[in-house]
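Asker: First, the structure itself, so that you have it in front of you.
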Amino acid sequence: GAVVSQHPSWVICKSGTSVKIECRSLDFQATTMFWYRQFPKQSLMLMATSNEGSKATYEQGVEKDKFLINHASLTLSTLTVTSAHPEDSSFYICSARAMQETQYFGPGTRLLVL
Amino acid sequence: LAKTTQPISMDSYEGQEVNITCSHNNIATNDYITWYQQFPSQGPRFIIQGYKTKVTNEVASLFIPADRKSSTLSLPRVSLSDTAVYYCLVGPYNTDKLIFGTGTRLQVFP
């Protein structure tokens, strides 16, 4: 199947700093990429959907100014958590898909904000 | 999107067949049923997708009755490495919005 990578796999940062997470589709062109968040023992929650070259569409309750999403190419999307706080500590997972195809998920990025 | 209900957890032993049932009473005519597997600290992995009757691949089988109000994921001869959370999702074919429910936490014992 298609491969999606994320970088970094884990990150620890101080409160108030910004963190950027990259999501790449390695062997296909992703017209759409998605960002999810998962807290311990909970299910995945969709945060936003981004199409290449367009602004991301955020789910209700997700602050677009705090979670900046850029989808500049068909193989790369980035999520920047701005001014991170301890409550932003979570497991962030991206997924990507080509037109009308199945979503393929990345391995996730664990963020710990101290 | 149709809401799904699954058992929170299940236990099994190696070599047994495991059947996980998902209820989706409000499934729409154009909805498909998709199952994902998630290991700890990893992203979900697509297992199988179906619309009606039976679908089988190298990993699992998916049984869907005629009324489509439920579905059963069948894992033949599970091993320890099948210990994971299994999510049942219902929605239009390859929809953008994947709504993950609570999932079923399968624990396989030696």
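Asker: Could you grab me the full set of residues in segment A:87-109 that are over 18 Å from A:Ser9 (Cα atoms) and more than 14 Å from chain B (Cβ to nearest Cβ)?
Answerer: Within segment A:87-109, the subset over 18 Å from A:Ser9 (Cα atoms) is A:87, A:97-103.
Within segment A:87-109, just A:Glu87 meets the criteria.
Asker: Going by what's in this entry, would B:Ala66 be described as open to solvent by 80 Å² or more (accessible area, probe 1.4 Å) and either of a type in the set (Gly, Ala, Ser) or part of a strand (DSSP E or B) (or both)? Walk me through how you get there before you give the answer.
Answerer: Details: open to solvent by 80 Å² or more (accessible area, probe 1.4 Å): yes; either of a type in the set (Gly, Ala, Ser) or part of a strand (DSSP E or B) (or both): yes.
Taking the combined requirement at face value, the residue satisfies it.
Asker: Scan segment A:60-80 for residues that are closer than 24 Å to A:Lys14 by Cα, of a type outside the set (A, V, I, L, M) and open to solvent by less than 70 Å² (accessible area, probe 1.4 Å) and jot them down.
Answerer: Answer for segment A:60-80, where residues must be closer than 24 Å to A:Lys14 by Cα, of a type outside the set (A, V, I, L, M) and open to solvent by less than 70 Å² (accessible area, probe 1.4 Å): A:Lys66, A:Phe67, A:Ser77, A:Thr78, A:Thr80.
Asker: When you scan segment B:7-19, do you find a residue that is in contact (Cβ under 8 Å) with a residue 40 or more places away in the chain, among the charged types (D, E, K, R), assigned to a loop (DSSP other than H, G, I, E, B) and at positive phi, even just one?
Answerer: In the first step, residues of segment B:7-19 are kept if they are in contact (Cβ under 8 Å) with a residue 40 or more places away in the chain; the result is B:7-19.
Of the ones still in play, those that are also among the charged types (D, E, K, R) are B:11, B:14, B:17.
If we keep only those that are assigned to a loop (DSSP other than H, G, I, E, B) too, we end up with B:14, B:17.
Then keep just the ones that are at positive phi; that gives none.
Taking every residue of segment B:7-19 in turn, none turns out to be in contact (Cβ under 8 Å) with a residue 40 or more places away in the chain, among the charged types (D, E, K, R), assigned to a loop (DSSP other than H, G, I, E, B) and at positive phi.
Asker: May I ask you to verify whether B:Ile20 is buried (at least 19 other Cβ atoms within 10 Å of the Cβ) and more than 25 Å from A:Ile93 (Cβ to Cβ)?
Answerer: Values: buried (at least 19 other Cβ atoms within 10 Å of the Cβ): yes; more than 25 Å from A:Ile93 (Cβ to Cβ): no.
No; evaluated as a whole, the condition is false for this residue.
Asker: In the set A:Leu26, A:Leu68, which member is away from chain B (no Cβ under 12 Å) and within 26 Å of B:Asn57 (Cβ to Cβ)? Give the derivation first.
Answerer: Values: A:Leu68 fails: within 26 Å of B:Asn57 (Cβ to Cβ).
Unique residue meeting the criteria: A:Leu26.
Asker: Right, another one. Take A:Ser54 and decide whether it is in contact with a strand residue (DSSP E or B) (Cβ under 8 Å, 6 or more places away or on another chain), of a type in the set (S, T, N, Q) and without any contact (Cβ under 8 Å) to a residue 24 or more places away in the chain.
Answerer: yes
Asker: Of all residues in segment B:42-55, which are within 12 Å of B:Thr72 (Cα to Cα) and either part of a strand (DSSP E or B) or within 13 Å of chain A (Cβ to nearest Cβ) (or both)?
Answerer: The answer is B:Ile48, B:Gln49, B:Gly50, B:Thr53, B:Lys54, B:Val55.
Asker: Follow-up question, since we're still on this one. Answer with yes or no whether A:Gln6 is touching a Pro at 6+ places or on another chain (Cβ under 6 Å) and either without any contact (Cβ under 8 Å) to a residue 12 or more places away in the chain or not hydroxyl-bearing (Ser, Thr, Tyr) (or both).
Answerer: So A:Gln6 passes the test.
This table checks each residue for (1) touching a residue at least 60 places away in the same chain (Cβ under 8 Å); (2) within 19 Å of B:Arg45 (Cβ to Cβ); (3) surrounded by 14 or more Cβ atoms within 10 Å (Cβ to Cβ); (4) in contact with a Lys or Arg (Cβ under 8 Å, 6 or more places away or on another chain).
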| position | (1), (2), (3), (4) |
| --- | --- |
| A:Lys20 | yes, no, yes, no |
| A:Ser25 | yes, yes, yes, no |
| A:Pro40 | no, no, no, no |
| A:Ala48 | no, no, yes, yes |
| A:Thr82 | yes, no, yes, yes |
| A:Ala98 | yes, yes, yes, no |
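Asker: Let me ask something else about it. Restricting attention to segment B:64-109, report how many residues are within 11 Å of B:Gln6 (Cα to Cα) and among the polar types (S, T, N, Q).
Answerer: Of the residues in that region, 5 qualify.
The values are calculated or read from the model by the stated rules, or taken from the named source; none is laboratory data. Keep in mind it's a predicted model, so treat the numbers as computed, not measured. Every residue, glycine among them, receives a Cβ derived from its backbone with ideal geometry; neighbour counts consider all protein chains shown. Note: accessible area is taken over every heavy atom of the protein model, side chains too, but ligands, DNA and RNA are not part of it. Shrake-Rupley method; radii C 1.70, N 1.55, O 1.52, S 1.80 Å.
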